[in-house]
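Report on the following structure.
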Amino acid sequence: MVRRTEVARRLGGFVREHRTDGGRRLRQAGILLCVGAVGLAFGVPVAAASIGTTDGAPQLAGLLLGVGLVGAGLGIWRMVQAFRTREQCFDIHERGLTHRVAGTASVIPWEDIAQVGAHGDDSRPLAEARGMGFTCDITLHSGRRIRVDTFTEDARELALVVHRAVHLGQFPQGRGRR
């Protein structure tokens, strides 16, 4: 693992840190998995009981099974995402950024970033709660993509700083500098 002192030597003074809230992702995954389990737990017996009938039971069974499958699928997707990005953090430096995730750190100078694309500026409360209100994709020249979403604190500010450094040449200044 790269130490902060080594990163500071390579990338200049430390400016700010942006942590990702992995606990919130896990809580959301747990809620979605519970919704999926309840939907499937009620949907399977209703589907079995509605075999051979044409009144409202098949529609109810379809609704419950649909909710169960969607909830389980989204819960599994969010769980995988939470484990893949556990302990994720972005450190901004004067000459680049450090992407730390799961005990490893990648030192990324501004010159190594090919493109910064931000989209989905949806500030509705439900979108923010789901972590889908804002997304920023940082693409490196190597082809690697790093995704920043609203689970990362000050994600919009992080995207703006990276965009300014990469596309406008306005590099962040270390603490105490102007």
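The values are calculated or read from the model by the stated rules, or taken from the named source; none is laboratory data. Note that the structure is predicted; figures quoted are calculated from it, not measured. Ligands, DNA and RNA are stripped out before the accessible areas are found, and what is left, the full protein with its side chains, is counted by its heavy atoms. Shrake-Rupley method; radii C 1.70, N 1.55, O 1.52, S 1.80 Å.
Contour minus end-to-end for residue 21 and residue 157, with contour as 0.36 nm per residue of separation and end-to-end as the Cα-Cα distance?
My answer for the length gained is 47.4 nm.
In whole percent, and with a 1.4 Å probe on the protein chains, what portion of the accessible area of the stretch 10-88 is carbon and sulfur?
72
How long are the three semi-axes of the equivalent ellipsoid for the stretch 9-94, computed from the Cα gyration tensor as the root of 5 times each eigenvalue, in whole Å, largest first?
They are 46, 9, 8 Å, listed from largest to smallest.
Would you mind pulling out the separation of the Cα centroids of the stretch 75-97 and the stretch 38-62, in Å?
First find each Cα centre; the distance between them is then 40 Å.
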